Amino acid sequence: MNFEHTDKVKTLIAKLEDFMDRHIYPNEQAHFDWVSNPANLWKHWPGLDELKEKAREEGLWNLFLPHEYGEWSPGLTNLEYAPLAEIMGRVPWSSEVFNCSAPDTGNMEVLAKYGSPAQQKQWLRPLLDGEIRSAYLMTEPQVASSDATNIETEIRADGDDYVINGRKWWISGIMDPRCKLLLLMGKSNPQAPRHQQQSTIIIPRETPGVHIVRNQSVFSSFNSPGGEAELRLENVRVPKSNLILGEGRGFEIAQGRLGPGRIHHCMRSIGQAQRALEIMARRVENRVAFGKKLSDQSSIRQDIARSYCEIEQARLLTFKAADAMDRYGNKVARDLIAAIKIVAPQMAQTVCDRAIQAHGGMGVSADTPVAAFFTLNRFLRIADGPDEVHMSQLGKLKIAEYNAQK
């Protein structure tokens with residue numbers, strides 16, 4: 001198995017790294033100052049639009065859609081996109097500059113793969129053009145949503161429409177005024193077989209009956225401008241043409257949406273871990289305690305060495321998962337997809353924790369991005385399904401596989 005990058009990917013990596021050096025890293029502080037100011041809550045940083053235009057002009061736009069999406073794709077495989085996602089992950093907000101940020105990426109994949117021509121024209125094209133943003137409504141407060149079959153929000157047929165009632169929470173991105181599209185997973189037929197009860201439907205953001213109950217903070221941050229929120233859906237009425245793929249296909253759509261997105265999340269986590277390691281190495285080389293540089297301490301060297309090994313292992317495992325998806329599809333690669341989701345955020349959290357410790361008090365401040373990386377990866381161990389769900393599924397798959405080999 002050869003993970004050496006092609007010339008095409010090497011060129012894109014060089015272009016992306018150069019763009020980051022010229023436009024992203026120099027603007028980190030300005031972006032942080034803006035989003036941290038309560039006066040700017042739910043407003044995106046003004047410099048973002050100019051950077052998006054520059055990225056588009058340089059051909060660094062919509063890089064994420066795999067080649068099988070045809071006209072919607074830049075032609076990259078999951079494996080080819082993986083190192084690009086890692087580079088973007090080094091500055092988490094930078095993904096939006098290249099129109100490669102969640103939850104839009106997953107929603108664009110749904111529309112590109114399953115959407116009707118009319119749905120693609122109305123919603124996919126503006127998303128691909130970066131004109132609007134979107135949100136994905138799945139998780140619910142009253143049930144364990146790590147099991148998607150528990151979803152209770154009702155999608156009820158009524159003449160030429162569907163009427164939606166229920167509650168959703170931890171809805172990322174919905175507070176951004178640019179969010180115009182909601183994709184909702186709900187229950188359309190409770191009497192159907194367990195995995196055919198759910199459907200996915202399009203809800204324009206301004207549809208009457210979509211109510212914000214409250215904003216939710218993550219580690220005391222509202223994550224402006226997108227935020228997270230709890231919603232109440234009260235007699236939300238949309239035309240039947242807004243249903244994606246057909247009744248009872250919601251679970252299938254959700255599973256198809258998650259595979260590539262998990263590759264993206266994991267590679268971004270690896271990018272954050274790699275940057276935290278680099279920051280840590282520079283810190284310990286330039287800090288003296290008890291008459292000795294921190295970099296001369298055996299425990300510090302061990303932390304650096306362990307972190308390097310763990311990052312390399314996670315990167316190669318994620319490449320292997322991406323390669324398997326490209327060769328055999330998400331279903332065949334599901335064991336590797338589960339494995340990277342277990343490994344990558346935990347690895348990044350651990351590496352960032354070591355970097356925080358090496359920085360002392362500075363480590364828990366906003367003077368470096370390491371503390372933010374730590375909290376982001378701790379959150380990711382719950383988002384997209386908690387570690388325990390992925391471990392349970394992976395364990396089940398491996399037990400069946402190894403017993404079948406008798």
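The values are calculated or read from the model by the stated rules, or taken from the named source; none is laboratory data. None of these values were measured; they are calculated from a predicted model. In this analysis, Cβ positions are derived from the backbone assuming ideal geometry, glycine residues included, and neighbour counts consider all displayed protein chains. Accessible surface areas use protein heavy atoms only, side chains included; no ligands, DNA or RNA. Shrake-Rupley method; radii C 1.70, N 1.55, O 1.52, S 1.80 Å.
Treating only the Cα positions of segment 282-406 as identical point scatterers, give the base-10 log of I(q)/I(0) from the Debye formula at each q in 0.11, 0.21 Å⁻¹.
So the normalised log intensities work out to -0.51, -1.18.
Just grab the label-to-label distance for SER299 and ILE399, each label 7 Å out from Cα along the Cβ direction, in nm (one decimal).
For the pair SER299/ILE399, the computed spacing is 4.0 nm.
Taking R0 as 51 Å, what's the FRET efficiency between ASN37 and GLN191 from their Cβ-Cβ distance, rounded to 0.05?
It comes to 0.50.
Using Cα pairs closer than 8 Å and at least 6 residues apart in sequence, work out the relative contact order for the chain, in percent.
14
How far apart, in nanometres, would the label points at ASP147 and TYR69 be if each is projected 7 angstrom from Cα along the Cα-to-Cβ direction?
Result: 3.2 nm between the two label points.
Report, in deg cm²/dmol and to the nearest 500, the calculated mean residue ellipticity at 222 nm for the chain, where each DSSP H run with n ≥ 4 adds -39500 (n - 2.57) and the sum is divided by the residue count.
-15000 deg cm²/dmol
Going by Cα centres, segment 210-250 and segment 177-203 are how many Å apart?
Taking the Cα centre of segment 177-203 as reference, the centre of segment 210-250 is 11 Å away.
Over segment 206-282, what number does the Rg to Rh ratio reach, with both radii from the alpha-carbon atoms and Rh per Kirkwood?
1.13
What percentage of all Cα-Cα pairs in segment 126-167 are separated by more than 15 Å?
Cα-Cα pairs of segment 126-167 separated by over 15 Å account for 59 percent.
Compute a Gaussian network model of the chain, connecting alpha carbons closer than 10 Å, and tell me which residue from ASP335, ASP296, ASP387 fluctuates the most.
Among ASP335, ASP296, ASP387, the largest GNM mean-square fluctuation belongs to ASP296.
Just tell me which lysines come within less than 26 Å, Cα to Cα, of LYS331; anything on the same chain fewer than 8 places away is out.
Excluding near neighbours in sequence, the set is LYS113, LYS187, LYS320, LYS341, LYS396, LYS398, LYS406.
So for segment 40-122, Kirkwood radius off the Cα pairs, Stokes-Einstein at 20 °C and 1.002 mPa s: how many µm² s⁻¹?
Here the translational diffusion coefficient equals 156 µm²/s.
Amide H neighbours of LEU231 under 5 Å, counting only residues 5+ apart in sequence or on other chains, H built in-plane at 1.01 Å?
LYS168, TRP169, VAL213
On the first, second and third principal axes, largest extent first, how far apart are the outermost C-alpha atoms of segment 1-79 in Å?
50, 26, 25
What per residue convex hull volume, in Å³, do the alpha-carbon atoms of segment 361-406 yield?
89
Please go through segment 117-218 and write out the GluC sites (Glu not before Pro) that DSSP classes as loop and that have at most 16 other C-beta atoms within 10 Å.
GLU131, GLU152, GLU206
Evaluate the relative contact order of segment 300-406 (contact order divided by residue number), counting alpha-carbon pairs under 8 angstrom at least 6 apart; express in whole percent.
25
In Å, the Kirkwood hydrodynamic radius of segment 210-365 over pairs of distinct alpha carbons?
19.0
Can you run phi through the Karplus equation (6.51, -1.76, 1.60; θ = phi - 60°) for segment 374-391 and list ³J(HN,Hα) in whole Hz, with x for Gly and Pro?
Once θ is set to phi - 60°, the couplings for segment 374-391 become 4, 5, 4, 6, 5, 5, 5, 6, 10, 4, 6, x, x, 3, 4, 5, 5, 5 Hz.
Multiply the residue gap between ALA118 and ALA289 by 0.36 nm, knock off their C-alpha separation, and tell me the result in nm, one decimal place.
Full extension from ALA118 to ALA289 adds 55.1 nm.
Work out from phi, with θ = phi - 60° and the Karplus expression 6.51 cos²θ - 1.76 cosθ + 1.60, the ³J(HN,Hα) of each residue of segment 123-128, listed in order in whole Hz, and give x for Gly and Pro.
10, 5, 4, x, 5, 5
Given R₀ = 45 Å, what would the calculated FRET efficiency be for ASP367 paired with GLN313, taking r from the Cβ atoms and rounding to 0.05?
Approximately 0.95, to the nearest 0.05.
Take every Cα pair under 8 Å in segment 24-122 that's 6+ residues apart, average their separations, divide by the length, and report that relative contact order as a whole percent.
Relative CO of segment 24-122 lands at 24 percent.
Would you look at the GNM of the chain, springs on alpha carbons closer than 10 Å, and say which of ASN62, ASN40, ASN78 moves the most?
Between ASN62, ASN40, ASN78, it is ASN40 that shows the largest mean-square fluctuation.
Quick one: pull the percentage of alpha-carbon pairs in the chain with a separation above 38 Å.
20
Per-residue HN-Hα couplings for segment 347-359, Karplus 6.51 cos²θ - 1.76 cosθ + 1.60 at θ = phi - 60°, whole Hz, x for Gly and Pro?
Using θ = phi - 60°, the values come out as 4, 5, 4, 5, 4, 5, 4, 5, 5, 4, 4, 5, 8 Hz.
Probe of 1.4 angstrom, ligands and nucleic acids ignored: what's the accessible area per residue over the chain, in square angstrom?
45
What whole number of Å gives the distance from the Cα centroid of segment 78-154 to the Cα centroid of segment 382-397?
Taking the Cα centre of segment 78-154 as reference, the centre of segment 382-397 is 21 Å away.
Can you list residues from other chains, or at least 5 along the same chain, whose modelled amide H is less than 5 Å from the amide H of LEU243?
Long-range HN contacts for LEU243: ILE202.
Using a 1.4 angstrom probe and counting only protein chains, how large is the accessible area of SER365 in Å², to 10?
Only protein atoms counted, so the area is about 40 Å².
Quick one: net charge of MET391's neighbours, Cβ under 13 Å, K/R +1, D/E -1?
Combined, the nearby Lys, Arg, Asp and Glu give +1.
Of all the accessible heavy-atom surface of the chain, with the other protein chains kept in place and a 1.4 Å probe, what percent is carbon and sulfur?
That share works out to 52 percent.
Which of these, GLY250, GLY59, GLY115, has the largest mean-square fluctuation under a Gaussian network model of the chain (Cα springs below 10 Å)?
Result for the chain, Cα springs under 10 Å: GLY59 fluctuates most.
Indicate the gyration tensor shape class of segment 145-238 (rounded, prolate or oblate), computed on the Cα atoms with a ≥ b ≥ c the square roots of the eigenvalues: a/c under 1.5 is rounded; otherwise a/b larger than b/c is prolate and the rest oblate.
Verdict is oblate for segment 145-238.
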